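**Q** I am attaching a structure below and will ask some questions about it afterwards.
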There are 2 protein chains.
Amino acid sequence: MTKIHPVVLCGGSGTRLWPRSRAHNPKPFLPLVEESTLFECTLRRCADAGRFAPPMVVTGVGHRGHVEAQAAAFPGTQVIVEPMAKNTAPAIALAAYRLPADAVMLVCPSDHHIADPTSFAEAASAAARLAAEDWLVSFGIEPTAPETGFGYIRRGAPVDGGFQVEQFVEKPDLATAERFLGEGNYSWNGGIFVFRAGAFLEELARHRPEMAEAVRRAVEQGREEGAAFHPDAGAFSQIEGESVDYAVMENTVRAAVVPVSMGWSDIGNWHALRDARPGDANGNRTRGRVELVDCRNVLAETDGPRISVIGLEDVAIVVDGDEVLVTTMAGAQRVGKLSGAVNQ
Amino acid sequence: MTKIHPVVLCGGSGTRLWPRSRAHNPKPFLPLVEESTLFECTLRRCADAGRFAPPMVVTGVGHRGHVEAQAAAFPGTQVIVEPMAKNTAPAIALAAYRLPADAVMLVCPSDHHIADPTSFAEAASAAARLAAEDWLVSFGIEPTAPETGFGYIRRGAPVDGGFQVEQFVEKPDLATAERFLGEGNYSWNGGIFVFRAGAFLEELARHRPEMAEAVRRAVEQGREEGAAFHPDAGAFSQIEGESVDYAVMENTVRAAVVPVSMGWSDIGNWHALRDARPGDANGNRTRGRVELVDCRNVLAETDGPRISVIGLEDVAIVVDGDEVLVTTMAGAQRVGKLSGAVNQ
């Protein structure tokens, strides 16, 4: 078995973990769940040299400093510096053009948490076997709740170590999500993909020929700078940005899915982050100087001032510099709309 | 009618409004409800020169600076600086010995809020008429809820403009407090008293002769310093501290009560403070940079950092320097037991 090439996408920041996540220091580069950052954990999951080649990170100019600082502990890391963000399909295509056509790529977001890296690695190997047969494989995350914030993947006929994809389903409403969980043959689409570089580029050229051609030129006319590669900005700027789901996965007839249960979370908001951290006997999660009295399932963290809390349940309290956030878990998904998050 | 002599007691700080109220800057000297501090408002309520003589403030060494700074706008204010705190009976006795025997004293705490100062002044005049007949008069605050944190006064037979006191009742349990409200002849004891200085000292000498004698000597051997008076520390230190309720009011047969409804609050904790402030359409009270989303009856105030809140109800959030407090209204009475409040 040849080694799997990790391709780590390190793009937009998001605002739903404000005020801890800020425009200048966004989510992937913060130690949100463990002592390491989400980006460092992503690299570490792919650090087994028996299974993985050194990683390739696709990032933007603004994040390059964070990427290079945190990737320093992972020898052989290559960085592709996008001149501008064009969503995931062009980002993946850049990496695909930089790899041999037969290289099997494992495309990973850099801002998710995976509690069980062993299951992750085993799923990567299973997906790589399918990819070697020119399947374009999605990880199918085992759903644990009727989430309406994720896309779903409906499984079809079994193929070696996985299933054909019968349908990619956009974010459902709650009733539909509950039905999906009841039927049992749906997974969450976690944005983790495995395919041969050449197979991906063939499908991209079939369904998005202009994008494929523009990325090809951006790479051809790009320049090396040590371990960094700069695609040509003029060529890359012509691309109409699009997600890999829309551009390729929903169009190809070679889509497969490998179901996996690995304690996955997209850490999409403070509610999700609380649930990803281990709690004490009362379900509380604290960081920094915090005193809790008669609290349950409270997340409280501070980068300086002491937080003292009495009598609360299912609330997140975050102190970061000149910002103090207090939200119910139910309200956590609206954090990104707060003035402080919007006007960064 | 001779003028009433306000005697403002400005003593201990308390910890239940921590972290805004601190040992070095306690509750009376903070603008908690209005733009003026509670102490300034106390002086202003007694500033009508047609009704009141200039005030006499009894305070401790630690608070003297605050007192003199905030009393500067009230000409003629005299200050008695207690060498140590001995509770309210000796404090009042100090003022009584410094006044003519026929002076009618109005004894007021300096850390309460009174929304209706006109009713306060009218009650003071009614009480002063009784005091001129040598009654020792308590203001009887009209109870608006079955509070278990206050003492109650049971009314007896009517006397001119008020009632004899039938009984002073210590803090009741909830069932008893509810019964008191139902019966309708109980008032809260708000610690506001009106009596002739000479009448008070006679009753003190009758029921606490050693205390009366020690205070007399402390005044006799004290020294003037401008508008300040320093009782003799040696004599004063011999006193066994005791409240005016225990030492005098519960023992005298000349206790009377003047019922009054004047929007009184002892601002005893963040719950009481929230209720004393006017709210917006959703019942929220904010000070400083605060953004509230889908909140009701929330008190949020900050001396610097922005507070952003989503989805909370009946919660107080207070940012002060290096402390952040978040408490339910029900938990507000336990604020004084937090580590930050205890270890100041």
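**Q** Confirm whether A:THR302 is within 14 Å of chain B (Cβ to nearest Cβ) and out of contact with any Lys or Arg (no Cβ under 9 Å at 6 or more places or on another chain).
**A** no
**Q** Something else about it: Do we find that B:ASN251 is loosely packed, with under 15 Cβ neighbours inside 10 Å and over 16 Å from the mean Cα position of the chain (by Cα) in this structure?
**A** no
**Q** So which residues in segment A:218-246 are of a type outside the set (Ser, Thr, Tyr) and within 18 Å of the chain's Cα centre (by Cα)?
**A** Matches in segment A:218-246: A:GLY241, A:GLU242, A:VAL244, A:ASP245.
**Q** Taking B:ARG285 as meeting all but one of (1) under 26 Å from A:ASP294 (Cα atoms); (2) at the interface with chain A (Cβ under 9 Å from one of its Cβ atoms), write down the number of the exception.
**A** Every condition holds for B:ARG285 apart from (2).
**Q** Read through the list (1) assigned to a loop (DSSP other than H, G, I, E, B); (2) touching a helix residue (DSSP H, G or I) at 6+ places or on another chain (Cβ under 7 Å), then give the number of the only condition that B:ALA47 fails.
**A** Single failed check for B:ALA47: (2).
**Q** A further question follows. Looking at segment A:12-19, can you tell me whether even one residue there is among the charged types (D, E, K, R) and more than 16 Å from A:LEU299 (Cα to Cα)?
**A** No, there is no match, as no residue in segment A:12-19 is among the charged types (D, E, K, R) and more than 16 Å from A:LEU299 (Cα to Cα).
**Q** Restricting the search to segment A:186-211, which residues are outside any strand (DSSP E or B), surrounded by 15 or more Cβ atoms within 10 Å (Cβ to Cβ) and either touching a Pro at 6+ places or on another chain (Cβ under 8 Å) or not hydrophobic (A, V, I, L, M, F, W, C) (or both)?
**A** Passing the criteria: A:ALA197, A:GLY198, A:GLU202, A:GLU203, A:HIS207, A:ARG208, A:MET211.
**Q** Still on this structure, I have one more. In segment B:305-341, how many residues are outside any strand (DSSP E or B), more than 7 Å from chain A (Cβ to nearest Cβ) and within 21 Å of B:ASP280 (Cβ to Cβ)?
**A** Counting residues in segment B:305-341 that are outside any strand (DSSP E or B), more than 7 Å from chain A (Cβ to nearest Cβ) and within 21 Å of B:ASP280 (Cβ to Cβ) gives 3.
**Q** Are any of the residues in segment B:258-272 more than 9 Å from chain A (Cβ to nearest Cβ), part of a helix (DSSP H, G or I) and closer than 30 Å to B:GLY161 by Cβ?
**A** Yes, segment B:258-272 has at least one match.
**Q** Let me ask another. In the set B:GLY156, B:GLY162, which member is small (Gly, Ala, Ser), closer than 14 Å to B:ASN185 by Cα and without any contact (Cβ under 8 Å) to a residue 40 or more places away in the chain?
**A** Exactly one residue qualifies, and that residue is B:GLY156.
**Q** Related question: Tally the residues that are under 18 Å from B:PRO109 (Cβ atoms), touching a Pro at 6+ places or on another chain (Cβ under 9 Å) and in a loop (DSSP other than H, G, I, E, B), restricting the search to segment B:121-146.
**A** Total meeting the criteria: 1.
**Q** Would you say A:ARG277 is under 26 Å from the mean Cα position of the chain (by Cα), farther than 25 Å from A:ASN189 by Cα, more than 13 Å from every other protein chain (Cβ to nearest Cβ) and surrounded by fewer than 22 Cβ atoms within 10 Å (Cβ to Cβ)?
**A** In short, no.
**Q** Is at least one residue of segment A:196-206 at pLDDT below 95 and either on the phi > 0 side of the Ramachandran plot or not β-branched (Val, Ile, Thr) (or both)?
**A** no
For (1) within 13 Å of A:PRO109 (Cβ to Cβ); (2) modelled with pLDDT under 95, each residue gets a yes or a no:
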| residue | (1), (2) |
| --- | --- |
| A:THR2 | no, yes |
| A:LEU9 | yes, no |
| A:PRO26 | yes, yes |
| A:PHE29 | no, no |
| A:CYS46 | yes, no |
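**Q** Among the β-branched types (Val, Ile, Thr), in the same structural domain as A:LEU38 (by TED's automatic domain parsing), surrounded by fewer than 21 Cβ atoms within 10 Å (Cβ to Cβ) and within 18 Å of A:GLY268 (Cα to Cα): is that true of A:THR144 in this structure?
**A** The answer is yes for A:THR144.
The values are calculated or read from the model by the stated rules, or taken from the named source; none is laboratory data. Not measured: the values here are computed from a predicted model. FYI the Cβ positions are ideal-geometry reconstructions off the backbone, even for glycines, and counts take in every protein chain you see.
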